[in-house]
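Take a look at the structure below.
The values are calculated or read from the model by the stated rules, or taken from the named source; none is laboratory data. These numbers were taken from a predicted model, which means no experiment stands behind them. For neighbour counting, all protein chains shown are included, and Cβ atoms are generated from backbone atoms with ideal geometry for every residue, glycine included.
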């Protein structure tokens with residue numbers, strides 16, 4: 001059985017005529033008839049009822065025809081996939097972003113990427129604190145979106161641009177705050193627990209990042225667990241504002257106003273790639289699309 005024979009079967013069913021089917025693929029009626037007979041011989045069943053004025057499928061032929069349509073679609077998919085690869089496009093790319101980044105900001109870009117390169121698998125991973133940058137350094141990501149500090153941006157191995165600016169705030173539940181009427185100092189919270197998401201990278205190893213001195217603390221490995229604990233009054237902590245907008249609006253979480261601690265944190269999220277790694281066409285399209293989005297949002301492009 002060949003794909004050409006299955007294509008002939010499809011055309012004969014559509015045209016209800018051997019001659020018309022042959023004209024569509026520039027073959028003689030005899031050639032199409034021979035192809036169908038060879039297919040029937042190979043399968044060991046009669047596909048068409050030839051006692052009718054027009055060719056029509058037998059019940060067995062109808063079933064074979066339906067499976068054949070799926071087979072042809074898969075064959076077309078293989079051809080599209082190979083054409084995609086022959087053009088130099090990647091089979092997959094990886095975008096890693098920090099949990100504090102609002103992914104809603106780039107959904108339009110991701111939708112365009114999917115439409116333009118449907119055959120490339122895009123892997124989107126979420127990391128915490130320095131985890132995204134670590135994944136880039138290990139070669140596990142093509143592009144990362146993460147807040148970075150200090151000299152990191154100026155290291156020669158990176159190319160970057162500012163993608164978005166947002167904030168984070170420290171919050172607690174009314175249940176916890178009821179235990180501290182007139183709260184003004186972070187020192188008053190020392191017997192409470194600061195809930196902290198663990199770094200999935202190595203950049204803060206041996207460093208207590210964004211943790212108050214002498215503070216009791218619990219560590220979790222995802223932001224949803226952190227939120228649940230804080231909503232229950234089991235501790236306090238900081239969140240990117242987009243993560244808790246609904247809870248703050250409803251009063252389920254309250255912003256901490258402390259005289260001796262920064263409660264409003266500015267976050268600059270950068271898109272970063274390795275300078276020494278050449279991006280393939282798909283990853284390069286994503287990089288350029290993110291850059292265009294950044295320039296449209298705030299006119300900044302920092303390398």
Original post:
Within segment 80-91, is even one residue touching a residue at least 12 places away in the same chain (Cβ under 8 Å), assigned to a helix (DSSP H, G or I) and in contact with a helix residue (DSSP H, G or I) (Cβ under 7 Å, 6 or more places away or on another chain)?
Top reply: no
Subject >> Any hit, segment 44-54, residues being modelled with pLDDT under 90 and in a helix (DSSP H, G or I) >> reply: no
Original post:
Which one is modelled with the highest pLDDT among residues in segment 172-186 that are within 20 Å of residue 239 (Cα to Cα) and part of a loop (DSSP other than H, G, I, E, B)?
Top reply: 173
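Can you find a residue that is in the same structural domain as residue 168 (by TED's automatic domain parsing), surrounded by fewer than 18 Cβ atoms within 10 Å (Cβ to Cβ) and under 17 Å from residue 141 (Cβ atoms) anywhere in segment 261-274?
Yes, there is a match, as at least one residue in segment 261-274 is in the same structural domain as residue 168 (by TED's automatic domain parsing), surrounded by fewer than 18 Cβ atoms within 10 Å (Cβ to Cβ) and under 17 Å from residue 141 (Cβ atoms).
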**OP:** Return the residue satisfying two criteria in turn: it lies in segment 99-121 and is free of Cβ contacts under 8 Å to residues at least 40 places away in the same chain and not in a helix (DSSP H, G or I), and of such residues it is nearest to residue 283 (Cα to Cα).
**Re:** 121
**OP:** Pick out the one residue from 129, 93 that is touching a strand residue (DSSP E or B) at 6+ places or on another chain (Cβ under 9 Å), over 28 Å from residue 266 (Cα atoms) and in the same structural domain as residue 295 (by TED's automatic domain parsing).
**Re:** 93
